[in-house]
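The structure under discussion appears below in the form of structure tokens.
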Amino acid sequence: MRPERVAQLYAVAREATMELRVRRVVQRIAGTDTAEAMYEAAALLVGAVCFLVGFVVSLPVFWGRELAITGSASLGAFVAIGGAAVAALAFVVGRFAMRSHYEAADATPRRDRFADTDDRLRWYDLAAIAFAHAAVAYLGWLGIAQLLEQSFTDAPVFALPGAILVAVSFALTAYVCFLSAVALTPMSLSLVLAIFLVVGAFASMLAASDPHWWQDNLSALGMSTNVSAVAFNGTLVIAGIMVTTISRYATAGLPVDTREQRRGRRIVRGGLILMGVFLACVGIFPVDEFFALHNTVATGMAVVFAVVVVGLPWFLPTIARVFVALGWIYVLVIVMLGVFFAVGYYNLTAVELIAAVLIFSWIIVFLRTAGAVGAPLTDPTRQDAASDPPALPTPPRGR
């Protein structure tokens with residue numbers, strides 16, 4: 001056997017041995033070999049590692065200093081930046097842990113609706129979702145720091161308690177993001193999308209260099225001359241990618257029995273994907289630099305939304321009638337807002353803001369509704385093995 005082949009086999013065997021050791025440690029912490037307990041134990045391990053890293057890194061940085069809660073070089077800035085990095089890394093570690101588990105168990109995933117061989121998330125999908133987790137962590141910790149600053153005005157933070165706070169925030173962020181990564185479904189991602197949109201929008205408004213931006217229009221937040229342009233446009237681009245990602249998988253589970261229903265599902269999926277693409281393009285092309293293109297894609301998103309909503313009962317007959325009625329009410333409200341703007345009763349910002357809230361809330365509710373329609377009906381009283389997640393393989397005991 002050639003030396004290159006021997007070295008390759010040795011590397012594979014060494015990696016497998018290391019993986020077995022990690023599994024053995026996690027199983028001992030969990031006390032059982034069920035998948036749920038193993039994932040919880042792994043999340044606790046990741047959180048503990050991030051706790052130690054946060055404490056060891058921050059203590060020398062803070063030593064001998066009195067830190068402000070907010071501002072540049074403050075405790076809040078350190079937690080926000082580090083928390084964003086921890087969130088992205090924990091999400092990636094969680095995806096690798098989930099994939100290695102199912103590859104080792106040779107089982108069909110039940111916890112993660114995105115792990116099937118024919119329905120796997122692409123790298124750019126995972127990158128967008130990881131970035132959304134990081135952005136939520138960054139903006140969330142900044143908001144908490146601002147709240148604490150208002151509660152403890154001019155209060156200093158010393159090195160040791162500051163390092164402990166950093167460690168706890170890193171551990172909590174890693175724990176939540178790891179569990180989010182191993183339990184991805186269209187319904188859970190719709191919640192992430194909602195939180196990301198709310199946090200990104202408010203961060204853009206708070207960071208706007210012009211406090212009277214609302215007198216122009218909502219797109220003024222994304223103008224290149226505005227400090228909030230990066231946050232606003234980045235939020236739209238990442239949200240558009242997430243809408244495109246979730247739409248593909250949420251509609252895949254919708255039951256269809258005829259060729260017409262199958263074609264209707266493709267139309268709805270294509271409409272949602274097109275809305276996500278248009279949303280991303282709104283962020284890619286700022287209104288002050290690409291006026292015509294920006295307005296075209298923004299208007300196109302509203303038109304596609306109206307077509308999908310109005311035709312939904314014919315495209316997807318299995319969708320609940322209550323949800324169909326809700327969509328029609330949304331469209332009527334948006335039309336009414338357009339009339340109010342035409343007669344000068346509302347300004348453009350109010351129309352855009354309310355229409356955006358209606359459209360995004362409809363998308364989020366649709367994704368959750370589609371996930372519920374496509375999910376199999378299970379009896380919660382049954383405790384048979386078929387309804388439980390596949391257990392991790394028991395590693396061999398060492399001597």
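Only one of Arg265, Arg248, Arg259, Arg269 is under 21 Å from Arg122 (Cβ atoms), among the basic types (Lys, Arg) and free of Cβ contacts under 8 Å to residues at least 24 places away in the same chain. Can you tell me which?
Values: Arg265 fails: free of Cβ contacts under 8 Å to residues at least 24 places away in the same chain; Arg248 fails: free of Cβ contacts under 8 Å to residues at least 24 places away in the same chain; Arg259 fails: under 21 Å from Arg122 (Cβ atoms).
Only one candidate passes the filter, namely Arg269.
Of all residues in segment 346-365 being in a helix (DSSP H, G or I) and among the polar types (S, T, N, Q), which is surrounded by the most Cβ atoms within 10 Å (Cβ to Cβ)? Please lay out each step first, then the result.
Our first condition is that a residue be in a helix (DSSP H, G or I); within segment 346-365, this holds for 348-365.
Subsequent filtering for residues that are among the polar types (S, T, N, Q) retains 349, 361.
Values: Thr349: 18, Ser361: 14.
If we take residues in segment 346-365 being in a helix (DSSP H, G or I) and among the polar types (S, T, N, Q), then Thr349 is surrounded by the most Cβ atoms within 10 Å (Cβ to Cβ).
The condition of being within 25 Å of the chain's Cα centre (by Cα) and of a type outside the set (A, V, I, L, M, F, W, C) holds for only one of Arg266, Arg321, that being Arg266.
Can you name every residue in segment 286-304 that is within 19 Å of Met275 (Cα to Cα), touching a residue at least 12 places away in the same chain (Cβ under 8 Å) and either touching a strand residue (DSSP E or B) at 6+ places or on another chain (Cβ under 6 Å) or surrounded by fewer than 16 Cβ atoms within 10 Å (Cβ to Cβ) (or both)? Within segment 286-304, just Leu293 meets the criteria. Residues that are touching a Phe, Trp or Tyr at 6+ places or on another chain (Cβ under 8 Å) and surrounded by fewer than 18 Cβ atoms within 10 Å (Cβ to Cβ) within segment 335-345 comprise just one, Phe340.
Considering only residues that are in a helix (DSSP H, G or I) and surrounded by fewer than 20 Cβ atoms within 10 Å (Cβ to Cβ), which ones fall in segment 305-321? Please lay out each step first, then the result.
Of the residues in segment 305-321, the ones in a helix (DSSP H, G or I) are 305-315, 321.
Ala306, Val307, Val310, Gly311, Pro313, Trp314, Arg321 - these are the residues of segment 305-321 that are in a helix (DSSP H, G or I) and surrounded by fewer than 20 Cβ atoms within 10 Å (Cβ to Cβ).
Filtering segment 268-297 to residues that are among the charged types (D, E, K, R) and touching a helix residue (DSSP H, G or I) at 6+ places or on another chain (Cβ under 8 Å) leaves only Arg269. Taking segment 307-318 as the range and being farther than 10 Å from Gly271 by Cβ and either within 26 Å of the chain's Cα centre (by Cα) or without any contact (Cβ under 8 Å) to a residue 12 or more places away in the chain (or both) as the test, only Pro313 passes.
Where residues in segment 193-213 are of a type outside the set (Gly, Ala, Ser) and surrounded by fewer than 18 Cβ atoms within 10 Å (Cβ to Cβ), which of them is farthest from His133 (Cα to Cα)? Out of the qualifying residues, it is His212.
Yes or no, residue by residue, for (1) in the same structural domain as Gly94 (by TED's automatic domain parsing); (2) in a helix (DSSP H, G or I):
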residue	(1), (2)
Ser180	yes, yes
Gly200	no, yes
Ser204	no, yes
Asn226	no, no
Val230	no, yes
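Residues in segment 254-293 that are closer than 24 Å to Ser361 by Cβ and in contact with a Lys or Arg (Cβ under 8 Å, 6 or more places away or on another chain): Leu254, Arg269, Ile273.
Give me a count of the residues in segment 162-172 that are out of contact with any Leu (no Cβ under 6 Å at 6 or more places or on another chain) and under 19 Å from Leu67 (Cβ atoms). I'd like the intermediate steps shown before the answer.
Going through segment 162-172, the residues out of contact with any Leu (no Cβ under 6 Å at 6 or more places or on another chain) turn out to be 164-172.
Adding the requirement that they be under 19 Å from Leu67 (Cβ atoms) leaves 164-170.
Residues flagged as out of contact with any Leu (no Cβ under 6 Å at 6 or more places or on another chain) and under 19 Å from Leu67 (Cβ atoms) within segment 162-172 amount to 7.
Would you check if there is a residue in segment 198-205 being touching a helix residue (DSSP H, G or I) at 6+ places or on another chain (Cβ under 9 Å), in contact (Cβ under 8 Å) with a residue 12 or more places away in the chain and farther than 30 Å from Gly94 by Cα? Yes, there is a match, as at least one residue in segment 198-205 is touching a helix residue (DSSP H, G or I) at 6+ places or on another chain (Cβ under 9 Å), in contact (Cβ under 8 Å) with a residue 12 or more places away in the chain and farther than 30 Å from Gly94 by Cα. Within segment 215-232, one or more residues are within 21 Å of the chain's Cα centre (by Cα), surrounded by fewer than 21 Cβ atoms within 10 Å (Cβ to Cβ) and either within 17 Å of Ala135 (Cβ to Cβ) or of a type outside the set (Lys, Arg) (or both). Residues of segment 127-159 that are surrounded by fewer than 13 Cβ atoms within 10 Å (Cβ to Cβ), touching a residue at least 60 places away in the same chain (Cβ under 8 Å) and of a type in the set (Gly, Ala, Ser): Ala155 alone.
The values are calculated or read from the model by the stated rules, or taken from the named source; none is laboratory data. The structure presented is a predicted model; accordingly, all values stated were derived computationally and were not measured. We place every Cβ from the backbone using ideal geometry, glycine too, and count neighbours over all the protein chains shown.
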